[in-house]
Amino acid sequence: MMEVELVGNAFCLDFTNTVNARPVARRDWLSTPEEALTWAAATGHPLQQIGDPAEDSAPETRDLRDLAAAREFRETVFRVFQPVAHGGSAPQEGLDRILAVYGEGVTQGHLSGQDGNFRLEWAPPRTVRVLMWEAATSAMELLTHGPLDRLGECPSCCWLFLDVSKNRRRRWCSMTTCGSRDKSRRYYSGKG
């Protein structure tokens, strides 16, 4: 079983990193209900259920529809933050979609106080739809409060991350995977 890697330093970025490479992924944590359950548990956002029991369709159909919506939303979030990581502007269509999913989540959620702070939460069961609302909430937080100047993209796998290093020189998703691979590739090509 492959280990879940969380390198984004923001939930919305880890959500975009549920595919292991772009444009052609070899692994997609949102491809099946079982994979989604594993990934969500590893992120500290465990799912109790896949699908929405209130819908009039078989559980398998709901699962596939919800996962398809989550994959589509993941790519929207990626398309918003990827150009920002390179000093560009986020596309308005993507910003509007994040705002729409966030707005849906706000209308379905409630504020819960803890340690003098409040956070948006949703009543059980925890579904893929709730996971999308959490990703949208994280994206809104990052878009409105930053630090967008610390957003980066791994040149090897295209994962997004917030550079929280002191020297602000993080280049890869992680040194143990893409960083060492890239350094080896440059060394053996004579450019290292």
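Please treat every number below as a calculation from the coordinates, not as lab data. Computed from a prediction, not measured in an experiment: that's the story for all the values here. Backbone-built Cβ (ideal geometry, glycine too); neighbour counts: all protein chains shown.
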Original post:
What list of ³J(HN,Hα) values in whole Hz, one per residue of segment 119-136 in order, does the Karplus curve 6.51 cos²θ - 1.76 cosθ + 1.60 (θ = phi - 60°) give from phi, with Gly and Pro shown as x?
Top reply: 9, 7, 9, 10, 5, x, x, 7, 10, 4, 4, 5, 4, 5, 5, 5, 5, 5
**OP:** Quote the FRET efficiency, to the nearest 0.05, computed for D149 versus E34 with a Förster distance R0 of 35 Å and r equal to the Cβ-Cβ distance.
**Re:** 0.40
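For R65 and E121, what does the FRET efficiency come to when R0 = 22 Å and r is the distance between their Cβ atoms, rounded to the nearest 0.05?
Rounded to the nearest 0.05, the efficiency is 0.35.
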Original post:
Under a plain spin-label model, where a point goes 7 Å from the Cα along Cα-to-Cβ, how far apart in nm are R168 and E5?
Top reply: 2.5 nm
Original post:
Which cross-chain or sequence-distant (5 or more) residues have an amide H under 5 Å from the amide H of L47, H modelled 1.01 Å from N in plane?
Top reply: A41
Original post:
Amide H of L151: which non-local residues (sequence gap of 5 or more, or other chain) have their own amide H closer than 5 Å, using H built in the peptide plane?
Top reply: D163
Original post:
Which of the peptides 156-168, 21-33 is most tightly packed, and how do the rest follow, going by the mean number of other Cβ atoms within 10 Å of each residue?
Top reply: 156-168, 21-33
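Could you list H110, H145 in order of exposure, starting from the residue whose Cβ has the fewest other Cβ atoms within 10 Å?
Exposure proxy ranking, most exposed first: H145, H110.
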